[in-house]
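Reading through the structure tokens given below for one structure.
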């Protein structure tokens, strides 16, 4: 295995002003940070001077920019406010290019079924346009995997021909869908540009729930070994979207993953 795990931490779970969240990330031992480009860093509010200051601050803390994320409030293809949503994603892609963050992740919503052919075509058209823009500014768009089968994501990614569309692999959503994390990673690995350190459990009625890393069913030792087997060289980012103390949970996730990696 590589000598150091490319481990990052999302700053948003700390629920602190960004400079304090970045310092918390540095203290927990992460090598990189993930920024939310909707709520933490807003394209219209950060000048080129501000970007240089941010980059200098990260350099001082020996942190690097991991893939950024742009959360959506509705599925990418939803009819309501679609034009504004797509424009906002486009702005985030260009902002990621200015930041020199090479990957922007995006959760696009449930994949339309085969019976929803018009929605599938619409999603393909929207992604084709966004990927074309991303290629132009030197960014790879990575769509976050959900509970659907791996093959559905393979078909979607390989249907886009305007540039590279990557996958942001989410083990927690894989658990929620009742799939093997290891098997899905193997099936998707050539398209994966980022991996989330999220854990989960599935209850008796088949509902998935996010839990702290190390307390769910994801076999992290196995997954880390698969990184080596698949020659995955991207980031693994500790992310927490639930819980009473998400900042503490991502800090402990970094520490847990470092411990089992050594």
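Would you work out if the stretch 7-261 is rounded, prolate or oblate? Take a ≥ b ≥ c from the square roots of the eigenvalues of the alpha-carbon gyration tensor; rounded if a/c is under 1.5, else prolate when a/b is larger than b/c, oblate otherwise.
oblate
In deg cm²/dmol, rounded to 500, what helix-only [θ] at 222 nm does the chain give when every DSSP H run of at least 4 residues adds -39500 (n - 2.57) and the total is split over its residues?
Estimated from H runs of four or more residues: -13500 deg cm²/dmol.
Using a Gaussian network model on the chain with a 10 Å cutoff between Cα atoms, which of 168, 129, 36 fluctuates the most?
The residue with the greatest mean-square fluctuation here is 129.
Which FRET efficiency value, to the nearest 0.05, is calculated for residue 225 and residue 151 with the Förster distance at 22 angstrom and r the Cβ-Cβ distance?
0.40
Pop the C-beta distance of residue 57 and residue 4 into the FRET formula with R0 = 22 Å and round what comes out to the nearest 0.05.
Here the calculated transfer efficiency is 0.50.
So how much slack lies between residue 72 and residue 125, counting 0.36 nm per residue of separation and subtracting their Cα-Cα distance, in nm?
17.3 nm
Please compute the length gained on full extension between residue 20 and residue 207, using 0.36 nm multiplied by the number of residues separating them and subtracting their Cα-Cα distance.
63.8 nm
Return the single residue from 46, 224, 133 with maximal mean-square fluctuation; model: Gaussian network over the chain, springs between Cα atoms under 10 Å.
Of 46, 224, 133, the Gaussian network model singles out 46 as fluctuating most.
Restricting to the stretch 7-261, what percent of DSSP beta bridges are antiparallel, rounded to 5?
For the stretch 7-261, the DSSP antiparallel bridge percentage is about 15.
Roughly speaking, what is the stretch gain from residue 180 to residue 241, that is 0.36 nm per residue apart minus the C-alpha to C-alpha distance, in nm to one decimal?
Residue separation times 0.36 nm, minus the Cα-Cα distance, leaves 19.8 nm.
Can you tell me which of 160, 93, 239 moves the most in a GNM of the chain? Springs connect C-alpha atoms under 10 Å apart.
Ranking 160, 93, 239 by mean-square fluctuation puts 160 first.
What is the stretch 110-158 by shape, rounded, prolate or oblate, if you read a ≥ b ≥ c off the alpha carbon gyration tensor as root eigenvalues and call it rounded for a/c under 1.5, prolate for a/b larger than b/c, and oblate otherwise?
In terms of gyration-tensor shape, oblate.
FRET efficiency for residue 161 and residue 80, Cβ-Cβ distance as r, R0 = 22 Å, nearest 0.05?
E between residue 161 and residue 80, to the nearest 0.05, is 0.20.
A short reminder: the numbers here are calculations on the coordinates, not readings from a lab. Bear in mind that the values here come from a model prediction, so they are computed numbers and not experimental data. Note that each Cβ is placed from the backbone with ideal geometry, even for glycine, and that neighbours are counted across all protein chains shown.
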